[in-house]
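The values are calculated or read from the model by the stated rules, or taken from the named source; none is laboratory data. Treat the numbers as computed from the prediction; the structure is a model and nothing was measured. Here the Cβ positions follow ideal geometry from the backbone for every residue, glycine too, while neighbour counts run over all protein chains shown.
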Amino acid sequence: MTQTLPGRAEVQFRLLAVLLTLVPAAMSLFSFLNNLTDISGTLEHIVYPMLAMKDTGVGPLQSWRAVEIRPLAQITYVVIMLVEAVPGFICAYAALRMTSALRRDADLFRRGVQLAQAGMLLGVFVWLFFFGAVAGDWFLVWRNPALKPVWTDSFQYSAMVALALLGLSLIDTRIARRDFL
């Protein structure tokens, strides 16, 4: 099998793919870093009130699902931090793999792209499911004015990652077809 090395236009497209992959990597890893450096503040002002369903104005038919056990909230926060970091680590690793294959065979580069796409899809899932559905609808964060940004931010994060995924997929299609400007 003969390997075809990329020309200048293809390398530019590949570089753009790497840069797009760094967007969700940075978002996820910066969130992880922020969570890590403000554990007590986030626990006190976000996680405890969210799990306890504070200031949501709900009655007993909905408040039964509130969690007011602080050690459980601490464990939940650690899980949230790790789950939110995984897409970032996957995308960062994918960006490294793509960078190492920038001027090499297209199949090698595209394996990195596929890993990046998986990381981005996981990121969209994490932010929509855990922050949009679980925090927003199960714990009714949208009803607490102080916590509503957790819910709305999840849509912004997932939309930005989805746009990066769309751009990466379009670039990947052009690389596969060898269709460059």
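Key figures
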item: Single residue of SER169, SER154 found to be crowded, with 18+ Cβ neighbours inside 10 Å and among the polar types (S, T, N, Q); result: SER154
item: Selection within the range 44-68 - touching a Phe, Trp or Tyr at 6+ places or on another chain (Cβ under 9 Å), surrounded by fewer than 18 Cβ atoms within 10 Å (Cβ to Cβ) and among the aliphatic types (A, V, I, L, M); result: ALA52, ALA66, VAL67
item: Residue in the range 42-65 that is of a type in the set (S, T, N, Q) and in a loop (DSSP other than H, G, I, E, B) present; result: yes
item: Matching option when the condition is surrounded by fewer than 19 Cβ atoms within 10 Å (Cβ to Cβ) and under 18 Å from the mean Cα position of the chain (by Cα), among PHE129, PHE180; result: PHE129
item: So ALA85, is it touching a helix residue (DSSP H, G or I) at 6+ places or on another chain (Cβ under 7 Å), farther than 19 Å from ASN34 by Cβ and not aromatic (Phe, Trp, Tyr); result: no
item: Residue list for the range 135-152, restricted to those being touching a residue at least 24 places away in the same chain (Cβ under 8 Å), in a helix (DSSP H, G or I) and not aliphatic (A, V, I, L, M); result: TRP138, ARG143
item: Given (1) modelled with pLDDT under 95; (2) outside any loop (DSSP other than H, G, I, E, B), number of the condition LEU102 does not satisfy; result: (2)
item: Tabulated pairs, the range 112-124, first of a type outside the set (A, V, I, L, M, F, W, C), second outside any helix (DSSP H, G or I), C-beta under 8 angstrom, 6+ apart or interchain; result: GLY112/ALA101
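Yes or no, residue by residue, for (1) small (Gly, Ala, Ser); (2) touching a helix residue (DSSP H, G or I) at 6+ places or on another chain (Cβ under 7 Å); (3) surrounded by 11 or more Cβ atoms within 10 Å (Cβ to Cβ):
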position: LEU5; (1), (2), (3): no, no, no
position: GLN12; (1), (2), (3): no, no, yes
position: LEU20; (1), (2), (3): no, yes, yes
position: ALA26; (1), (2), (3): yes, no, yes
position: PHE32; (1), (2), (3): no, yes, yes
